[in-house]
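The next block holds one structure in the form of structure tokens; read it before the comments.
Read-outs: derived from the displayed coordinates by stated rules, not from any lab. For clarity, every value in this text was computed on a predicted model and none was experimentally measured. Ideal geometry is used to build each Cβ from the backbone, glycine not excepted, and the neighbour counts take in all protein chains shown.
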């Protein structure tokens, strides 16, 4: 099929920078000359709750949300959030997970238990699972808040987008004073082995 | 953010594209009240300095301002979320009769699935009800283009025109090609003649067209037949309108659809035939008949109500719609696949973990609402609530908000409860309302309490912003949409002018003071107002002092969990032997001190005090 669409489902928790990451990816894809659509919800749906963003690209994209069962890459900013999307993945999906735990309210109150060994379980079920310590990469780059861009760097390895498009996207989407540190974080993420 | 005219192709959300479309179409005046998913239209329109844009206190005022600008001959835009149209319905229905001079376009952003709304009404019904044409774009490029088409239609047919977005067209981003703005009449503003009056104003001052714009019964009677005639002409237009597009492919399956639903269906059935409607009201009857006659099996794929389906069935055409697609909730490519082909897209494999703790939205760390709700919970009163971040006070562990129906509604609920109990609700019922919501439509409710000898207490949760929609300005903040300084309403003076005799101010971060004052006022058998003051933690215009985070002294903590009752994301529980302890996530703690006020053994202290 010449109109092969690539679908990335991004998941995380409000405040983690999921939306900004999806903006950078969508921008880079557009700069590479592809059609792209991305979708998420704002307002009440954020506020520390679960957040998702759909990024779909290819020669010609119709739907801005991914058809269930068509997620090529699950790009998850938080361990527990990764588990919410098993039923919408394609066969043999790429699963990139940021090594971070954020406790939901019911766990904080001691009413629910945060599942253990999430990474191990994912690794066993999905051969193309990869755990990334984006926080460490961001700190190495010099700013803990560049964690989402470092994580995007790791994602970039899986997409055939010229590096220059990524750089331009980061320059476009971030305030000038943060570009340098974020480019560094991106590069560190990109250098993580696939 | 789109950069003006620097690139030809940009990635825009539907809302950004509407703003760009307004610029390209020569819009002169835009007014709105923020509401998800419509808010970003006006936030983005301010980059086009040629457009006068404002936050109105509510949607009714926004539409009236836009109508006034259109009467003056300018192109004018009012934008709102779906329920905002309910507020603006009064001017809407009669503006349909008056028609316009300059084009008048109303954007309604519907919210199927209620991602951030209290209902999922289908505002296509408003087009039919008010006899106003409605366009529905399917992506950002169309959103931009349809603004121009809407203004042309408005002026050609002398009618306000709706553009309907949904959450997925408002917030989804897709590629848009920018064009130069048209040279249309933004000129209403700025063309000053010698005597100081804008030259163009002359025409409407000399020819005010009272028979058109003064809807006295005799004038309105003359306008109603015009409206009916206009609808017929728009029906003919719809049939000729090339954006109502027939895409003839495999004719064994034909799908009539519009908006983002078109893309969902096309994603799952790329080879099917489509009648993609751009003008969703009135319908292109002849085109529908032609399409129906050319396909074997006909579907209507429309989110929410059977709006097309009912009209198409009334034409005597056999069609499948809501018998296979849901009325409730949002569509997706998978909904199309299931309804048309019976394909179940979700995988049935065993989940790795059976039960996942939910992660609902929550008030932020340091949110000033938290302490007030804790206090109300302690008082065990019925809390008539309203729309805003504080609606989250209904969720566990606070669970202290008992009604939420519409903007400003809680104040009326409190009065109704009080009157049902024959003024004996004093001490048992209180209304809470945010500052922006109070100014939107709470003032009249309070006036009613005073006028009708009610006894309710209204707590205005003044966090100095319209927080839930993303911190927009309003008449109480002292800043305009563009961030210019302006007068800020004084709630005390306002409430006093309404006749409230007991008006108290409390610091939302001072639990003891707040409880004492709220108790006094709630127990007082007279109308009263408590203004709970503290800016939203995310508010940008007030420099909030950076407060050191708190910590739990583990040796002092008894593990009573009292602090966890406020549901702060920064407060966490550590299970350990022999007794569990609370601890504070330093990265999240905003230093509001509420939890430390709750601790019975003073185990929670500011980090710097501990050093």
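The table below gives the values:
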read-out: Rounded tilt (10° steps) of B:14-24 against the dominant C-alpha axis of chain B; value: 50
read-out: Percent RCO, i.e. relative contact order, over the range B:245-341, from Cα pairs under 8 Å lying at least 6 residues apart; value: 32
read-out: Cα-based helix-to-principal-axis angle, B:59-71 vs chain B, degrees rounded to 10; value: 40
read-out: Order of B:256, A:24 under a 10 Å beta carbon neighbour criterion, fewest first; value: A:24, B:256
read-out: Relative compactness, chain A, computed as alpha-carbon Rg over 2.2 N^0.38 Å; value: 0.99
read-out: Three principal axis lengths of chain B [C-alpha, angstrom, descending]; value: 78, 74, 56
read-out: Where Rh is the Kirkwood radius over Cα pairs, Rg/Rh for the protein assembly as shown; value: 0.98
read-out: Fully extended contour minus Cα-Cα distance, from residue B:524 to residue B:236, at 0.36 nm per residue; value: 97.3 nm
read-out: The range B:495-611, Rg to Rh (Cα coordinates; Rh as Kirkwood inverse mean 1/r); value: 1.08
read-out: Isotropically averaged projected area of the range B:307-459, using the convex hull of Cα atoms (one quarter of hull area), nm²; value: 15.4
read-out: Angle between chain B longest axis and helix B:89-98 axis [Cα atoms, degrees, rounded to 10]; value: 20
read-out: Equivalent-ellipsoid semi-axes of the range B:550-610, from the Cα gyration tensor, Å, largest first; value: 16, 12, 11
read-out: For the protein assembly as shown, share of DSSP beta bridges that run antiparallel, in % to the nearest 5; value: 35
read-out: Bins of 10 Å from zero: percent of alpha-carbon pairs in the range B:304-390; value: 12, 22, 19, 20, 21, 6, 0
read-out: For residues of B:566-575, the mean tally of beta carbons on other chains within 10 Å; value: 3
read-out: Ranked B:239, B:250, B:462, criterion: other C-beta atoms within 10 Å, fewest first; value: B:250, B:239, B:462
read-out: Relative contact order of chain B, defined on C-alpha pairs under 8 angstrom at six or more residues apart (%); value: 10
read-out: DSSP bridge pairs, chain B: antiparallel proportion in percent, nearest 5; value: 25
read-out: Computed over the range B:1-110: relative contact order in percent, which uses C-alpha pairs under 8 Å that are six or more apart; value: 27
read-out: Chain B: calculated mean residue ellipticity at 222 nm from DSSP helix runs of at least 4, using -39500 (n - 2.57); value: -10000 deg cm²/dmol
read-out: Hull volume in cubic angstrom per residue (convex hull over the Cα atoms of the range B:369-533); value: 98
